[in-house]
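Trainee: Dropping a structure here in structure tokens format, bear with me for questions.
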Amino acid sequence: MARSKIALIGAGQIGGTLALLAGLKELGDIVLFDIVDGVPQGKALDIAEAAPVEGFDAAIAGTSSYASIEGADVVIVTAGVPRKPGMSRDDLLGINLKVMEQVGAGIAKYAPNAFVICITNPLDAMVWALQKFSGLPASKVVGMAGVLDSARFRYFLAEEFKVSVEDVTAFVLGGHGDTMVPLTRYSTVAGIPLTDLVKMGWIEAARLEEIVQRTRDGGAEIVNLLKTGSAFYAPAASAIAMAESYLRDKRRVLPCAAYLDGQYGIKGRYVGVPVVIGAAGVERIIEIDLDKAERAMFDKSVAAVEGLVEACTKIAPAL
Ligand code: TXD
């Protein structure tokens, strides 16, 4: 059987890590695309030279031509400008919107059947714009944020409880940003909800709230440490989990920025919700009941996404 083809648009910090992880997991042949000449070619060659050592077979090519992504099964988009210290995600809007226009046109022309995962910030607005610019079905265009946000939450909880990260599940809803909604009653240690763990004396409610807040600020924590860029290892690992679920038809239940068509009372916007990702793309959107407090947090998060989308339509009225 022919190998799958994975196109990575943007060969920066996340793009390079995506290429390495896709190679290590033998997800398919890889094309790294960037407008900076030499960088995608150099990274592709470097990773190809790691293949004999790590023992994976994949064709890895660097390119600055959209024609090279022709027929890609998965396209992962990181193209754009990353957040710098002091810069909000929203500041990135204008520049990255233009980038989405170019990328959307490239995908429409050369990879119209692909499953597209957008990572570029501000995420919930960029994935919305990319779906419009590319014209691909909404079930084939998703945004990566929730897997990363919940991975951070899981890591912090595993550290706190001194248990394996594997036994901690976490549930994060809403937009990617300071208003994201980590849901404690649906987050568990081996199936035991965090709300029960509070009752069982594993953790004080106030300490749990601190961890929730650290999760919300997870991106900024890394930006402040790195000073010259944003997180890339965990974001890349998160997008690869989504790509793998599609390519191997695993039907994993993952929190993603998905196009809502009435679910959660929202129409025509991308918001972070749990979805099933399989061979058909987004196969199901899971709609859970929210209590009053959760609904209020969710609405606040959705309002933040709405603000970004409105700003996009002002910059690009065609959207
Ligand atoms: O959870 C999430 N969604 C995120 C999002 C978590 C972390 C980082 N997140 C965002 O991902 C971040 O704010 C950025 O918008 C993207 C990519 O982050 P990365 O750290 O990989 O940024 P880099 O290293 O700057 O890489 C971006 C590359 C760089 O090589 C540019 O030359 C290229 O994008 N670029 C382009 N490629 C193709 N086409 C165009 N027009 C273009 N413009 C820039």
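The values are calculated or read from the model by the stated rules, or taken from the named source; none is laboratory data. Computed from a prediction, not measured in an experiment: that's the story for all the values here. Note: ideal-geometry Cβ built from the backbone for every residue, glycine included; neighbour counts use all protein chains shown. Just the protein is used for accessible areas: all its heavy atoms, side chains included, with ligands, DNA and RNA removed. Shrake-Rupley method; radii C 1.70, N 1.55, O 1.52, S 1.80 Å.
Trainee: Once you order the gyration tensor axes a ≥ b ≥ c over the Cα atoms, which shape class does the stretch 45-169 get: rounded for a/c under 1.5, otherwise prolate or oblate by comparing a/b with b/c?
Mentor: It is oblate, given that a/c is not under 1.5 and a/b is not larger than b/c.
Trainee: Another question, then. Averaging sequence separations of C-alpha pairs under 8 Å and six or more residues apart, then dividing by the length of the stretch 122-261, give the relative contact order as a whole percent.
Mentor: Averaging sequence separation for qualifying contacts and normalising by length gives 31 percent for the stretch 122-261.
Trainee: While we're here: Jot down the radius of gyration and Dmax of the chain, Cα atoms only, both in angstrom.
Mentor: Values for the chain (Cα only, Rg and Dmax): 19.0, 58 Å.
Trainee: Separation of the stretch 273-319 and the stretch 138-164 by C-alpha centroid, Å?
Mentor: 17 Å
Trainee: Among Gly23, Ile203, Leu136, which residue has its Cα furthest toward the positive end of the charge dipole of the chain, with +1 on Lys/Arg Cβ and -1 on Asp/Glu Cβ?
Mentor: It is Leu136.
Trainee: Of the listed pairs Lys43/Lys227; Lys25/Lys267; Lys98/Lys300, which have alpha-carbon separations greater than 32 Å here?
Mentor: From the list (Lys43/Lys227; Lys25/Lys267; Lys98/Lys300), the Cα-Cα distance tops 32 Å for Lys25/Lys267.
Trainee: In the stretch 151-169, whose amide N lies under 19 Å from the spot 7 Å out along Cα-to-Cβ of Glu210? List them in ranges.
Mentor: 152-163
Trainee: Eigenvalues of the Cα gyration tensor times 5, then square-rooted: what semi-axes does that give for the stretch 161-311, in whole angstrom, largest first?
Mentor: 24, 20, 19
Trainee: Follow-up question, since we're still on this one. How long is the gain from Phe161 to Ala296 if the chain were fully straight, where each residue apart is worth 0.36 nm and the alpha carbon distance is subtracted?
Mentor: 45.7 nm
Trainee: Another question about this same structure. Can you work out ³J(HN,Hα) from phi for every residue in the stretch 203-213, in order, using Karplus 6.51 cos²θ - 1.76 cosθ + 1.60 and θ = phi - 60°, giving whole Hz and x for Gly and Pro?
Mentor: 3J(HN,Hα) across the stretch 203-213, in whole Hz: 7, 6, 4, 5, 5, 4, 5, 4, 5, 4, 5.
Trainee: May I ask for the angle, rounded to the nearest 10°, between helix 233-247 and the longest principal axis of the chain, with both axes built from Cα atoms and the value confined to 0 to 90°?
Mentor: Between the helix axis and the principal axis of the chain, the angle is about 80 degrees.
Trainee: Dipole magnitude of the chain about its Cα centre, charges +1 at Lys/Arg Cβ and -1 at Asp/Glu Cβ only, in debye to the nearest 20?
Mentor: 400 debye
Trainee: Expected output is a single nm value to one decimal: the length gained when fully extending between Val81 and Ile203, i.e. 0.36 nm times separation in residues minus the C-alpha distance. What is it?
Mentor: 40.0 nm
Trainee: Given all pairs of different Cα atoms, what value in angstroms does the Kirkwood hydrodynamic radius of the stretch 216-305 take?
Mentor: One decimal place: 14.9 Å for the Kirkwood radius.
Trainee: Rounded to the nearest 5, what % of DSSP beta bridges with both residues in the chain are antiparallel?
Mentor: Percent antiparallel among DSSP bridges in the chain is about 50.
Trainee: May I pose another question? Could you give the dipole magnitude of the stretch 1-85 about its Cα centre, charging the beta-carbon of Lys and Arg +1 and that of Asp and Glu -1, in debye to the nearest 20?
Mentor: 360 debye
Trainee: Would you work out the relative contact order for the chain, in percent, from Cα pairs under 8 angstrom that are 6 or more residues apart?
Mentor: The value is 17 percent.
Trainee: Quick check: the angle from helix 93-110's long axis to the longest principal axis of the chain, C-alpha only, nearest 10 degrees?
Mentor: 50 degrees
Trainee: Kindly give the semi-axes, whole Å and largest first, of the ellipsoid equivalent to the stretch 1-68, taking each as the square root of 5 times a Cα gyration tensor eigenvalue.
Mentor: 18, 13, 10
Trainee: Of Ala220, Met297, Gly281, whose Cα points farthest to the positive end of the dipole of the stretch 184-319 (charges on the beta-carbon: +1 Lys, Arg; -1 Asp, Glu; origin at the Cα centre)?
Mentor: Of the listed residues, the answer is Gly281.
Trainee: Related question: Using 0.36 nm times the number of residues separating Ala318 and Ala61, minus their current alpha carbon distance, what extension gain do you get?
Mentor: Result: 89.1 nm gained on full extension.
Trainee: Where only protein heavy atoms count, and the probe is 1.4 Å, what is the accessible area per residue for the chain in Å²?
Mentor: That works out to 44 Å² for each residue.
Trainee: For the stretch 43-114, max minus min Cα coordinate along each principal axis, in Å, sorted largest first?
Mentor: Per principal axis, max minus min of the Cα coordinates gives 42, 33, 18 Å.
Trainee: Okay, next question. When the chain is treated as a GNM, springs tying every alpha-carbon pair under 10 Å, which of Val99, Val309, Val163 comes out with the largest mean-square fluctuation?
Mentor: Looking only at Val99, Val309, Val163, the largest GNM fluctuation is found for Val163.
Trainee: Let me ask something additional. For n ≥ 4 DSSP H runs only, could you compute -39500 (n - 2.57) per run for the chain, divide by its residues and tell me the 222 nm figure to the nearest 500?
Mentor: The per-residue figure over the chain is -14000 deg cm²/dmol.
Trainee: Further question: Please compute the net charge surrounding Gly55, taking Lys and Arg as +1 and Asp and Glu as -1 over other residues with Cβ under 15 Å from its Cβ.
Mentor: The answer is -3.
Trainee: Can you list the equivalent-ellipsoid semi-axes of the stretch 140-200, largest first and in whole Å, using the square root of 5 times each Cα gyration tensor eigenvalue?
Mentor: The three semi-axes for the stretch 140-200 are 22, 12, 10 Å.
Trainee: Something else: Using Cα centres only, tell me the gap between the stretch 63-78 and the stretch 110-127 in whole Å.
Mentor: Comparing the Cα centres of the stretch 63-78 and the stretch 110-127, I get a distance of 12 Å.
Trainee: Between beta-carbons, use under 14 Å as the cut-off and find the net charge around Arg214, counting Lys and Arg +1, Asp and Glu -1.
Mentor: -4
Trainee: Leaving ligands, DNA and RNA out of it, report the carbon-plus-sulfur percent of the accessible area of the chain at a 1.4 Å probe.
Mentor: Taking all protein chains in place, the chain shows 53 percent carbon and sulfur surface.
Trainee: Right, here's the next one. How large is the dipole of the stretch 120-257 about the Cα centre if only Lys and Arg carry +1 and Asp and Glu carry -1, each at its Cβ, rounded to the nearest 20 debye?
Mentor: Computed about the Cα centre, the dipole is about 440 debye.
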